[in-house]
Amino acid sequence: MAKIGKTDLDAFRLGLGGIPFMNLSFHQAREVISAAAAGGINLADTAEGYGDSEEKLAFALKPKRDQFIIATKSPTTDGKVMRKAIDQSLFRFGTDYIDIYQIQTLISLPDVLAPGGALEALQDAKRAGKIRYIGVTGHRASVLVEAIRTGNFDTVQAPINIVDRESEQELLPLAKQLGLGILGMKPICGGTLDNPALGLKFCLNSVADVIFCGMKSVAEVEENLAIVNSFRPLTALEEDELLAEASQLGKQFCRRCEYCLPCPEGLAIPKILWLANYKHRYPEREIWTEDEYRYLDKLATDCQECGECEEKCPYDLPIRQMLKEAHDELSPTPKQVAKRRLGKVIRRIRG
Ligand code: SF4
Ligand code: SF4
């Protein structure tokens, strides 16, 4: 346990990322959260926009609310909307205080700071005891640097991983110097790295006070706890392996930050891009990924090419082109289907 920056919050180095809870049942989420708590994890980060993740955390943490640090967030820049978001989070958590409430995926600092903006609402909530600390999260290091220079934030949350190295230049040293709590996210690049253990180790080697990792099973919790508890810095060989993977990934892959949403046509852009990437990396799961894709409400072919998503993507991804490629990757040709059927028949004959 160590203090998060200058706050009086004592946290374990590894924290629970809230996104995976959206895809778990209440019972499964409780199993994961209980295993995490039993292993010493005492901080979870979620968001009003992560489906019913807040409710699932609340359900699992009910008996131990006071032993757990809860961080959540809203992307609004408007004060009125932020006040409502805080009250709704308090209601969903069934608590009268939230430890860290953050402005999520900050893009426009002037809007947040303006009279009647989100910061005013957060400061009022802090004075009223509804929240204990004010944080800011984002994917653009330069915007976060501007934000923390204002002195209005207690914590800052940014991606820390082998691919996204921008925060190492100015953001992390400045946050450290100013005594902000540093919360690292996306240690395995949104689930993209082939060797998640090395990705987590890389992040553990940083100045982050806490590293949030999405964990969707008890096994994943145990694996990550083992890495944290026996932590040693990456060896030269491991670092080379990670760097090789990073250069293979390049910059053009989806980190699943969800900045691009909502798509006016209702496309689940990160999910589609993730499925294509997953199939590419795990060809043995091709049927599962293709089925997951086929049954989505909207397919990549429903994209109307309006370009809104590309304007919002902090990684400047050519999303329209990537969606087309994802569709090709996830839609087997009649020839491939026939080949698979033939393979099945041959395997059956061979017994
Ligand atoms: S370009 Fe396509 S995917 Fe992107 S927001 Fe427009 S319709 Fe949605
Ligand atoms: S496409 Fe860009 S904005 Fe959308 S989730 Fe991926 S990285 Fe984030």
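The values are calculated or read from the model by the stated rules, or taken from the named source; none is laboratory data. Because the structure is predicted, anything quoted here is derived from the model rather than measured. Virtual Cβ from ideal backbone geometry, glycine too; neighbours counted across all protein chains shown.
Assorted remarks:
- Test: G199 is more than 16 Å from ligand 1 (Cβ to nearest atom), closer than 29 Å to Q104 by Cβ and surrounded by fewer than 13 Cβ atoms within 10 Å (Cβ to Cβ): no
- Test result for L261, of a type outside the set (D, E, K, R), outside any loop (DSSP other than H, G, I, E, B) and within 10 Å of ligand 2 (Cβ to nearest atom): no
- Among the helices (runs of 4 or more DSSP H) confined to region 267-346, the ones with at least 2 residues that are within 13 Å of ligand 1 (Cβ to nearest atom), in contact (Cβ under 8 Å) with a residue 24 or more places away in the chain and in contact with a Cys (Cβ under 9 Å, 6 or more places away or on another chain) are located at 269-281, 308-312, 319-330.
- The set of residues from region 286-301 being surrounded by 14 or more Cβ atoms within 10 Å (Cβ to Cβ) and away from ligand 2 (no atom under 14 Å from the Cβ) comprises E286, T289, E290, E292, Y293, L296, K298, L299.
- The criterion of being within 16 Å of ligand 2 (Cβ to nearest atom), surrounded by 14 or more Cβ atoms within 10 Å (Cβ to Cβ), in the same structural domain as D328 (by TED's automatic domain parsing) and not polar (S, T, N, Q) does not hold for K279.
- Looking only at region 1-31, and only at residues there that are touching a strand residue (DSSP E or B) at 6+ places or on another chain (Cβ under 8 Å) and of a type in the set (A, V, I, L, M), the one that is surrounded by the fewest Cβ atoms within 10 Å (Cβ to Cβ): M1
- Between E329, E311, the distinction of being within 11 Å of ligand 2 (Cβ to nearest atom) and not assigned by TED's automatic domain parsing to the domain that holds R165 belongs to E311 only.
- For region 259-281, a residue qualifies if it is touching a Ser or Thr at 6+ places or on another chain (Cβ under 8 Å) and among the charged types (D, E, K, R), and exactly one does: K279.
- Considering region 216-226, the residues that are assigned to a helix (DSSP H, G or I) and surrounded by fewer than 18 Cβ atoms within 10 Å (Cβ to Cβ) include one that is farthest from ligand 1 (Cβ to nearest atom), namely A226.
- Residue within region 171-187 that is within 28 Å of E48 (Cβ to Cβ), part of a loop (DSSP other than H, G, I, E, B) and out of contact with any Phe, Trp or Tyr (no Cβ under 8 Å at 6 or more places or on another chain) present: yes
- Scanning region 239-266 for residues that are crowded, with 18+ Cβ neighbours inside 10 Å, within 13 Å of ligand 1 (Cβ to nearest atom) and within 19 Å of D297 (Cα to Cα) yields E258, C260, C263.
- Cβ-Cβ contacts under 6 Å between residues 6 or more apart (or on different chains), taken from a first residue in region 198-223 that is over 15 Å from S167 (Cβ atoms) to a second residue that is among the aromatic types (F, W, Y), are listed as L204/F231.
- For V207: the one exception among (1) surrounded by fewer than 16 Cβ atoms within 10 Å (Cβ to Cβ); (2) farther than 22 Å from R13 by Cβ; (3) of a type in the set (V, I, T): (2)
- Only strands (runs of 3 or more DSSP E) whose full extent lies in region 1-108 are considered here, and the ones with at least 3 residues that are over 21 Å from G129 (Cβ atoms) are 14-17.
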